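Asks: Below is one structure. I have some questions about it.
The values are calculated or read from the model by the stated rules, or taken from the named source; none is laboratory data. These numbers come from a predicted model, not from an experiment. Here the Cβ is made from the backbone with ideal geometry for all residues, glycine too, and neighbour counts use every protein chain on show. Keep in mind that these areas ignore ligands, DNA and RNA; they rest on the heavy atoms of the full protein, side chains included. Shrake-Rupley method; radii C 1.70, N 1.55, O 1.52, S 1.80 Å.
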Amino acid sequence: MFTRAEVDGYLELDARGTLPIGSIPSAALNIIIAIGSQSRMLATTDIEIAASGFNYGRNIAFREQLENPSVDLIRLFLLMTFYMVGACRRHAASMYIGVASMAASTLGLHATEQYSSLPPEEALLRSQ
Amino acid sequence: MILLLSIADADQESRWRTFRSLSTFDIIHASLLGRPCMTPATTAGTPQIQNEHATDPLGTITATIATLEICHTIQDVLGSLNNGNLLISVAQRKCEILTGYGKTLKQKQPHLRATQHLLSTSTGRAGVVGNVHASCTYYHALILVTRPSLIASLTTRISPRESPAASSSSFVDGSANNLSEICIDSAIHMAQTCYDAFTAGILLANMCLLKVWLFEAGLVLGFAMSVDASGHSDAEDAYRNARKVLKTLSRTSSLAKEYYDILSSLLQAINMHRRQKAKQGHPQSRQSVGRLLEFDIGRLPSQSSSVAGVATQLSSPDDARYGPSANDLHPTGDEFDGVDMNVGFDYGSEEWLQFANQVSGFLPMNNDSLGLFFDSI
């Protein structure tokens, strides 16, 4: 879903303090860390890190973002789904993946004709 | 209308990657819970994104694409499975597609072998974990399409005179029995793949899909073992190994513990059933489905000395993997006999009959019952 370069980019921005607070990338980064803690689960602090990261990301996901579907929002809800499956919350996971699926339909991500790779010259010609 | 050419290549890749992840997870999630899939099917097949393979030295993208292709096969039959009306002929056709795809994948994908060298790096381990999931998705798909035949076949074996399926054409020509063998083989390979990953020490503490797959494989194997009194040694090994992994995963997951307890109770019931029946069976070869991911690492040196520390004492995130404890690697014979479990259970009474009915309900013709079971925990 994310490339390593994307996550590294988020981490770098976060370390510099330039990752906008309340943005979808900051929410995604927090839930990625939450899933990591949930999967590691070596100590009680992992539970706390997982819960706080997930709650932060969930609050952003539901704060006015639902009315503006985007690829980033789909990825955020898919991350929340994965976290909920790991937490044995099947109904919540189904709800979140339902939101992600509807957003994907709305944006037409399933229309795979759009992904056909044209040579750059051909693409430029057609776009003109 | 979608303006196709206005989307830059990077955006195209991101959009497709997102949709692929969403579709894969949705189909697996829906098929495990017996619920309808919510993500729409693609309108023009699977696209080829050129940039992806250039940055995929370990074949991770290939495994991801393979998983999606397998999921599309599941998606095709999910409605029939949930309604309990999957035809034998359809199941056969899907099996042929899946096994053919598995053979092709094995030939084309040289990374389907987990070597010690590959497991020595975090990137290599991540690739192997991805291949474990791709393999389990493959076996999960095979189990889904063949499980109704397994149930029908075993039910016929339990009470051949009363079962209407016994005289059907699929049983006369052996196609249903063939499918049920594929189901058992798939469950064995699935359990063994997870166990090999476990002994390699690459599993994390919380593997949300693996624990459900192990339970699925365990139920198939347990049900087959309960009917075939002579027993298949490889099926019993796989069942025992599935329980071992679930036991370790249960340290951090209540659901994994629930699955482990159910498989333990089922094992006790099987042993009691065998003692009561004392029938002779027939050993079977395990050739109908091939193994996808091979672990060619032998025993890790650290496992013989301090394997118990792998799961509990490592501090860095990179090392936070779950492996077997010393007891897991060297189990006592008593564990499989189930003498130390649920000593208060009365197998000669109504309680046993109720339990047997309950367990047989986990493997229904209608996949929705499995979903109901999950919901009840």
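Asks: Got a number for carbon plus sulfur as a percent of chain A's accessible area, 1.4 Å probe?
Replies: 58
Asks: Moving to a separate point now. Count charges around B:Val220 for me, please; just the other residues with Cβ under 12 Å from its Cβ, Lys/Arg as +1, Asp/Glu as -1.
Replies: -2
Asks: With r as the distance between the Cβ atoms of A:Ile21 and B:Ser120 and R0 = 45 Å, compute the FRET efficiency 1/(1 + (r/R0)^6) and round to 0.05.
Replies: 0.70
Asks: Shifting gears a bit: Using protein heavy atoms only (no ligands, DNA or RNA), what is the total accessible area buried between A and B, 1.4 Å probe, nearest 100 Å²?
Replies: Protein heavy atoms only, the A-B interface buries about 3900 Å².
Asks: If r is the Cβ-Cβ distance from B:Ser89 to A:Phe62 and R0 is 41 Å, what FRET efficiency results, to the nearest 0.05?
Replies: Details: r = 47 Å, r/R0 = 1.14.
Calculated transfer efficiency: 0.30.
Asks: Would you mind counting up the charge near A:Ser37? Only other residues with Cβ under 12 Å from its Cβ, with Lys and Arg at +1 and Asp and Glu at -1.
Replies: Local net charge: -1.
Asks: Relative to the compact globular guide of 2.2 N^0.38 Å, what is the alpha carbon radius of gyration of chain A, as a ratio?
Replies: Scaled against compact globular proteins, the figure is 1.23.
Asks: Same structure again: Mind ranking B:115-125, B:134-144, B:67-77 by how tightly packed they are, going by the mean number of other C-beta atoms within 10 angstrom, highest first?
Replies: Descending mean neighbour count gives B:134-144, B:67-77, B:115-125.
Asks: Just the number please: accessible area per residue for chain A, 1.4 Å probe, all protein chains included, in Å².
Replies: For chain A, the solvent-accessible area averages 50 Å² per residue.
Asks: In addition: Among the lysines, select those whose C-alpha is under 24 Å from the C-alpha of B:Lys108, and discard any that sit fewer than 8 residues away in the same chain.
Replies: Hits, sequence-local ones excluded: B:Lys94.
Asks: If R0 is 30 Å, what FRET efficiency do you get for B:Glu96 and B:Arg157 from their C-beta distance, rounded to 0.05?
Replies: 0.75
Asks: OK, next. Hey, if we sort B:Lys106, B:Lys257 by accessible area with the 1.4 Å probe, largest down, what's the order?
Replies: Working: B:Lys106 75, B:Lys257 100 Å².
My answer, sorted largest first, is B:Lys257, B:Lys106.
Asks: Let me ask something else about it. Using the Karplus curve 6.51 cos²θ - 1.76 cosθ + 1.60 with θ = phi - 60°, work out ³J(HN,Hα) for each residue of segment B:205-213 in order, rounded to whole Hz, and write x for Gly and Pro.
Replies: 5, 10, 10, 5, 8, 4, 5, 6, 5
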